[in-house]
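Notes for the one structure printed next.
The values are calculated or read from the model by the stated rules, or taken from the named source; none is laboratory data. It should be emphasised that the depicted structure is a prediction, and the values quoted were computed from it without experimental measurement. Don't worry about glycine lacking a Cβ; one is built from the backbone with ideal geometry, like all the others, and counts go over all protein chains shown.
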Amino acid sequence: MHNFMESIAIPTAALVFSLLIFSGFVAFSGNNVLEVLAAIYQGAFGSWFSWQNTLVRAAPLMLTALCTALPARSGLIIIGGEGAMVVGGLCATLTGISLNGLPPFFVISSMACSGVLSGGAWIAAVGALKHYRNVNETISSLLLNYIAIAILNFLILGLLRDPATLNKPSSFPIGDANMLGTIGTTSIHAGLIFGLVVCGLLWFVIRRTTFGFSIDMIGGNIRAAQISGLAVGKLIIITCFLGGAAAGLAGMIEIAAVHGRANTSLNAGYGYAGILVAFIARYNPLAIIPVAILLGGIRASSGLLQRSFDLPDATTLVLQGIIFIVILASGAVYGRLNWFKPKGDSP
Amino acid sequence: MNTVSPYVLEAINISKRFGELIALDNVTLKLRAASVHALLGENGAGKSTLVKCIMGYYQPDVGEVLFGDRQQAITQPHDALLLGIGMVYQHFTLIPNMSVAENIILSRPRLPLIIHWRKEMAELKRRMQGMPFQIPLDAPITSLSAGEKQKVEIIKQLLLNTKVLILDEPTSVLTPTEADEVLGKIQTMSREQHLSVLIITHKFREVMNFADEVTVLRKGRYVGSARVDQVSPPILAAMMVGHEIINTPLQRIPTTNPRPLLKIADLKVTDDAGVTALTGLSLSVNSGEIVGIAGVSGNGQRELMQVMAGQRAAHSGSITVNAEAYTASRAQMRRHKFHCLPEEPLRNACVASMSVADNLAFRRFDRPPFAVHNGLLNRKAITQRAKELIHRFAIKTPGPSTPVGNLSGGNVQRTVLARELADEVDVLLVANPCFGLDFGAVADIHQQIMAARNRGTAVLLISEDLDEILELSDRLLVISNGKLVHETTPEHAELTTIGKFMAGH
């Protein structure tokens, strides 16, 4: 129970502390702190319109967060969500373009499959490099991000480039018929449902299945997992695949629900923000949902800040960065707060 | 010690609590100058907490620490160092990739900004003359054996002009010969060089042979102090556990129809650095037999254990169990009833953050009744089974959902024992089962291993404690430099011969 209290109290305190630092930053820029904070709230959760904006941004965050959270449960720190999302989106676009004209349901399903498989394979490669060649997974996944973005640029500036896109080089469109619709009369696209369902599903897998149990064993102590005869390498690669698949799905959704074609909007930073979401949520797939909504809200408010206070677009990125550092630092506090502990150090 | 020397360090009426837990309750310890004082108690008796209060890691809630007749405010370990109180920890605090000399020099509490290495080295060489142990100063720490590292730790403290030396379980990583050497030297030094030594231990032999006085703690309380020449091991045992120890002798039942269960042929393994650790090792273990592998730490025992347990891949050679090739997969472990009691159970066989119930389920969580419908966990069955095992193996835990990392060392070991020995076992692999355990737990574990053998289990026991091997084994093998160099039986064993082979001559 005290663990649970701790995992709520510490991130909350860290968020409050980050807001304090951010307030200093805002005051330094010559703005009224309370007004800016109120505007962030307004832009994130103040109206139904801002809620829709927030949820649209939260959907990919939920999925990219899983790309860090799942492998982390098996002890791997992977920051390749950005690359997996780009690869997933790119492959989904390729599928969409080549199948254009076939029944939309079939096209969309194929796009989802190709996004999931390619994103999964992308991160599974990280897991395989780690297991078979002992390559540091954090570094290899980071480098794979750059490779993914380079491949994206190579294709949208060359082979796939639609000559009609002048300002922002993009691929050919996947076709309006193949776009994912919105939920009811809102502007929220169906990607949110994917995000919620996948988070819920993976929570179930982690908590209720023998697979999840094995993963927690490996993440908790790999030697204990080996001594129990678990196929550690295989399980790590599968976990990486699942994480990459979630990020790949995020890429597919961004293409099929928002942009309709592949361009640099695919690497808008959802993958990196997902790492932050996963850290705050302590790698718990269910906790990812509210945290993604919170971070999505902060991102959604950036437009309003720009319009009302003439603050640059990057302001919310500053806040996000501050939160990131404070959350990382707060990790050192876990297990040290005496009032959450029934007893002290074992003598 | 015939003359009575004054006290140099006194901890008076110390109490310390951590939340609900009372770690120390009104404990007093008085250390005389130029003597060796043993602090005796079972795991969890509060020995380490008391010493940490003296060293300034903790502040006692009540009580005071007197150093040389004066009350001293030791609020942090640095203060203790400056007063001349030094401590050697149970686990080494050396920097592995630096040399002995660098480690010694860097440990000084007040280092100049720029170190004049040549001058320091000359000074160090000069002062090493007066040291009880000689260690090559330019050797990297990684090349040293556990015994040598312990010696470096002690030298490190002595060179800091330590007046009071505290040793926390100093012999837990040493061979019996090394332990005797180190403690013997310490004893001589205390007399000749006016060094006061406090040794934390739970081994009577060390108290009786090397200490002048002893203080016994039990469950955080002060039980008593005495001169060692006025007590005997049975008295100490009774003080330590609160009642007489009845040590049931091990019952060895003759084995009927032994059949070879475990066979290792020409096994070659490399260690983490890529150096050959096992150079073609072959052995076989029959049902109802305990084969003990004796040897000095670092001669390939760990790698052998790791290969068998699936923590390391073999370079070449074969392991067969029940005449089938064995690769330490989960299916094979289950089929051959192959179980493991590795050394340092918390490090090797438990997930500290997972509950006792989960840890007890590691072997069977993916089988009915613990798993249903091809892969769903049945938490109820896991908890139910944990309750049974906790009861049967007398694991002291607040409950099945407590993280196993919160238990004491003995209870972690018991948890692993319960998991590995509760079901039928055909092949059992045991490594240093008694590292850091008190003697009540040791006797219990020995009984369990013998009982498994008597039920027909083939036991391979790898231990650095020769007494343990002599007591348990049916057959004894000596490992040296990754090879088995000697085979005998405990009845025919000659300690000098075994010692020679252990040393690699």
Open item on the list: When you scan segment B:410-425, do you find a residue that is under 24 Å from B:LEU174 (Cβ atoms) and surrounded by fewer than 21 Cβ atoms within 10 Å (Cβ to Cβ), even just one?
Closed with: no
- [ ] Go through segment A:221-260 residue by residue and tally those that are among the charged types (D, E, K, R), over 16 Å from B:ALA309 (Cα atoms) and either within 14 Å of another protein chain (Cβ to nearest Cβ) or not in a helix (DSSP H, G or I) (or both).
- [x] 1
- [ ] Return yes when B:ARG419 is in a helix (DSSP H, G or I), of a type in the set (Lys, Arg), touching a helix residue (DSSP H, G or I) at 6+ places or on another chain (Cβ under 9 Å) and within 11 Å of chain A (Cβ to nearest Cβ) and no when it is not.
- [x] yes
Task: Filtered residues of segment B:91-120 (kept if buried (at least 16 other Cβ atoms within 10 Å of the Cβ) and assigned to a helix (DSSP H, G or I)) - done: B:VAL100, B:ALA101, B:GLU102, B:ASN103, B:ILE104, B:ILE105, B:GLU120
- [ ] Identify, by number, the condition in (1) within 26 Å of the chain's Cα centre (by Cα); (2) part of a loop (DSSP other than H, G, I, E, B); (3) within 14 Å of chain A (Cβ to nearest Cβ) that B:GLN59 doesn't meet.
- [x] (1)
- [ ] Kindly indicate which of A:ILE151, A:ILE139, A:ILE183 is surrounded by fewer than 22 Cβ atoms within 10 Å (Cβ to Cβ), in contact (Cβ under 8 Å) with a residue 60 or more places away in the chain and β-branched (Val, Ile, Thr).
- [x] A:ILE151
Open item on the list: Exactly one condition in (1) hydroxyl-bearing (Ser, Thr, Tyr); (2) in contact (Cβ under 8 Å) with a residue 12 or more places away in the chain; (3) surrounded by fewer than 24 Cβ atoms within 10 Å (Cβ to Cβ) is false for A:THR64; which is it?
Closed with: (3)
Open item on the list: Only one of B:PRO234, B:PRO254 is surrounded by fewer than 15 Cβ atoms within 10 Å (Cβ to Cβ) and not assigned by TED's automatic domain parsing to the domain that holds B:LEU21. Can you tell me which?
Closed with: B:PRO254
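Filter segment B:364-381 down to residues that are part of a strand (DSSP E or B) and at the interface with chain A (Cβ under 9 Å from one of its Cβ atoms), then give me how many there are.
Selection size over segment B:364-381: 3.
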TODO: Quick one: which strands (runs of 3 or more DSSP E) lie wholly within segment B:240-358 and hold at least 2 residues that are out of contact with any Asp or Glu (no Cβ under 7 Å at 6 or more places or on another chain)?
DONE: B:260-270, B:276-286, B:289-294, B:316-321
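Which one of B:ALA309, B:ALA273, B:ALA361 is within 25 Å of the chain's Cα centre (by Cα), in contact (Cβ under 8 Å) with a residue 24 or more places away in the chain and within 14 Å of chain A (Cβ to nearest Cβ)? Write out each step before concluding.
Details: B:ALA273 fails: in contact (Cβ under 8 Å) with a residue 24 or more places away in the chain; B:ALA361 fails: within 25 Å of the chain's Cα centre (by Cα).
Unique residue meeting the criteria: B:ALA309.
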Task: Residues within segment B:466-505 that are assigned to a loop (DSSP other than H, G, I, E, B) and closer than 13 Å to B:ILE290 by Cα, tallied - done: 3
